[in-house]
Amino acid sequence: MIKAGIIGATGYAGGELVRLLLGHRDAKIVWYGSRSYIDKKYAEVYQNMFQLVEDVCRDDNMEQLADEVDVIFTATPQGLCASLVNEEILSKTKVIDLSADFRIKDVKVYEEWYKLEHKAPQFLDEAVYGLCEINREAVKQARLVANPGCYPTCSTLSIYPLLKEGIIDGNTVIIDAKSGTSGAGRGAKVDNLYCEVNENIKAYGVASHRHTPEIEEQLGYAAGYPMHINFTPHLVPMNRGILITAYASLKKDVTEEEVRAIYNKYYAKEKFVRVLENGACPQTRWVEGSNFVDVNFKIDPRTNRIIMMGAMDNLVKGAAGQAVQNMNLMFGLPEDEGLRMAPVFP
């Protein structure tokens, strides 16, 4: 039985980790870390866990935690994991960080976009970017995994095969993204109040969203050259979900069958990436509560461009579910253990 500790267990991603790990046959949560609710029963913070979780919340003492668990999940704001992790901790336990601290390899890029001084740059080269479908073998050997962001996960998986095969021009990529409000976290913010979000949709972080360099770095690996993209996220009035609509110029004439064969080459054997049938557009309602990513595409011969689409749950495949998927790989378990739930509808 894998003993797991969660730092940041009372945020949205942390709460989703608890939900998923409670259904995991080979893992047990022994540390519910939450600086805001120390000594308060976890089920008093999340009443859906009444009679399911009897533990109280503890602090974020990673040094002590490393002596008690096999894996630490840090579902915390940017900067915290990097300020806590050290060689002694990594010699004792594995760490899966759900923040951006170890996702971007260039420390200067991280500090520019996140406006933080990186506290542990010595681990950047070692940290494995935990997009399982692409970095599976490296994740298996890792002791520190950088769990990808929600927008980067959906964007990369939607676009990656066509870049890798040289079908599209990477420098023409434009990504239009939509997210539910849980993507902004559980903290109280005026922009996330009901009256601010309901009956409204808005762009934010235009030409400045900090997931941009993460997407560019990962797509650049696929393309084989540095990429610069336009990425525009939007906030929509729903709890969960990510929808990506990406556009790029084709480098050659291709048929629908040829493009579908490329997607199937990369994803036919993947448990959590579903390539939809011809004409079906991904929808957030068909992936909610699950670890699935639904992807599809449409060729526009009139403009010589292709539209690539993806949908997923930002709290599951975009955060906690992917973290559990990474844990499974790191401990040699079936990749879908604890993640076999069907999407919830309605």
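A short reminder: the numbers here are calculations on the coordinates, not readings from a lab. Since this is a predicted model, take the numbers as computed values, not measurements. Cβ placement follows ideal geometry from the backbone for every residue including glycine, while neighbour counts extend to all protein chains displayed.
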For region 273-286, Karplus couplings with θ = phi - 60° (6.51, -1.76, 1.60), whole Hz, Gly/Pro x: 10, 10, 8, 6, 6, 3, x, 8, 9, x, 9, 5, 5, 8
For region 204-346: span of alpha carbons on each principal axis (Å, largest first): 44, 36, 35
Loop trypsin sites (Lys or Arg not before Pro), region 242-328, which have at most 16 other Cβ atoms in a 10 Å radius of their Cβ (DSSP): K251, K252, K269, K271, R302
Relative contact order of region 2-126, pairs being alpha-carbon contacts under 8 Å that are 6 or more residues apart, as %: 23
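In percent, how large is the relative contact order of the chain, given Cα pairs closer than 8 Å and 6 or more residues apart?
Contact order relative to length: 17 percent.
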Karplus 3J(HN,Hα) series, Hz, for region 133-139 with 6.51 cos²θ - 1.76 cosθ + 1.60 (x for Gly, Pro): 5, 10, 10, 3, 5, 5, 4
Per-residue Cβ neighbour rank within 10 angstrom, fewest leading, L90, L329: L90, L329
Extension reserve of the H234-E196 stretch, reckoned as 0.36 nm per residue once the Cα distance is removed: 12.3 nm
Residues whose placed amide H lies under 5 Å from that of I2, excluding near-sequence neighbours: A27, K28
Around V139: net Lys/Arg minus Asp/Glu count, Cβ-Cβ under 12 Å: +1
Separation in nanometres of the label points that stand 7 Å from Cα toward Cβ, at K40 and W286: 4.0
Amide H contacts under 5 Å for R58, placed H, 5+ residues apart: Y32, G33, S34, D39
Under 11 Å, Cβ to Cβ, from D169 - net charge with Lys/Arg +1 and Asp/Glu -1: +3
Rounded, prolate or oblate (a/c below 1.5 giving rounded, otherwise prolate when a/b exceeds b/c) for region 90-153 by Cα gyration tensor: oblate
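Give the residue list of trypsin sites (Lys or Arg not before Pro) in region 147-218 that are DSSP loop and have at most 11 other beta-carbon atoms within 10 angstrom.
Those satisfying the criteria are K189.
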Packing-based exposure ordering (other Cβ within 10 Å, fewest first) of S290, S208: S208, S290
Along each principal axis, Cα extent of region 2-126, largest first, Å: 46, 28, 24
Per DSSP, loop GluC sites (Glu not before Pro) in region 120-210 with at most 16 further Cβ within 10 Å: E126, E199
Cα pair distances exceeding 38 angstrom across the chain, given as percent: 13
Table column - 3J(HN,Hα) (Hz), region 104-118, Karplus curve with 6.51, -1.76, 1.60, x for Gly and Pro: 9, 6, 8, 4, 5, 5, 4, 5, 5, 7, 9, 6, 9, 7, 6
Rounded, prolate or oblate (a/c below 1.5 giving rounded, otherwise prolate when a/b exceeds b/c) for region 135-198 by Cα gyration tensor: oblate
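What does the net charge come to around G338 if you take all other residues with beta carbon closer than 14 Å to its beta carbon, with K and R at +1 and D and E at -1?
It works out to a net charge of +1.
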